[in-house]
Amino acid sequence: MDAALRFRPVTRATKDDFLRLFEAPGGPKYCWCMAFRTTAEQARTLRGPERRPLMLDRIERNQPVGILAYAGDEPIGWVSIAPKYTYSRLGGPEPTAGEAIWSLACMYIPRQRRGQGLAHALIDAAVAHARQAGATAVEAYPVAPDSPSYRFMGFVSAFERAGFVPVGMAGTRRHVMRLTLPRDGGARG
């Protein structure tokens with residue numbers, strides 16, 4: 001991956017970049033990364049255009065939603081990273097007292113940028129972002145490479161490479177993996 005890659009949280013200041021990435025051909029405008037942030041009823045009934053204002057409202061309220069990867073000034077990738085409580089239906093173990101779990105729920109990389117290591121860079125940047133925001137652990141929900149669904153959540157091997165360890169399952173396909181973030185700034189599973 002290019003050494004000039006940078007990452008920025010999605011905020012009011014970067015909202016237009018977020019929109020440009022999501023609304024580009026092939027972008028995830030069908031979901032707007034709201035599938036696990038809505039109620040079960042909303043997930044069944046709301047379609048892409050109806051989900052967009054829900055995400056934009058979160059951004060306007062300065063609620064953490066994720067970070068963008070940039071090559072120069074061009075947004076080239078997205079990772080959903082936010083406090084677990086801001087999602088409604090991810091699954092996994094309940095946090096224990098004193099834990100501040102952030103969830104890495106999905107990633108988007110345009111097709112022409114795939115296969116270049118950007119997913120690994122997004123995972124690393126998401127962990128660093130969560131750590132800086134006070135997270136004590138990051139949870140992810142990846143699948144096996146042959147999974148027919150949920151591939152946008154990443155693959156188990158990428159999270160293993162980043163030091164995540166399995167802690168359970170969420171349904172039959174999604175593995176729950178966790179990276180504990182010690183207070184000294186290091187990471188351990």
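Read-outs throughout are calculated quantities, based only on the coordinates presented, and are distinct from any laboratory measurement. Just so it is clear, the structure is predicted and the values come from calculations on it, not from any experiment. All Cβ positions, even for glycine, are placed from backbone atoms using ideal geometry, and neighbour counts span all protein chains on display.
Centroid-to-centroid, using Cα positions, the range 75-90 and the range 1-67 are 9 Å apart. Charged neighbours of Arg44, selected by a Cβ distance under 15 Å, balance to +2 (K, R count +1; D, E count -1). Taking every DSSP beta bridge that has both ends in the range 51-176, the antiparallel portion is near 75%. Would you mind classifying the range 108-189 by shape? Square roots of the alpha carbon gyration tensor eigenvalues, ordered a ≥ b ≥ c; an a/c under 1.5 is rounded, otherwise it is prolate if a/b is larger than b/c and oblate if not. Because a/c hits 1.5 or more and a/b fails to exceed b/c, the range 108-189 counts as oblate. The structure shown yields mean projected area of the Cα convex hull in nm², and of the options (1) 10.6; (2) 9.3; (3) 14.9 that calculated value carries the label (1). Within the range 75-153, which trypsin sites (Lys or Arg not before Pro) sit in a loop by DSSP and count at most 14 neighbouring Cβ atoms inside 10 Å? In loop regions of the range 75-153 (DSSP not H, G, I, E or B), the sparsely surrounded trypsin sites (Lys or Arg not before Pro) are Arg89, Arg114.
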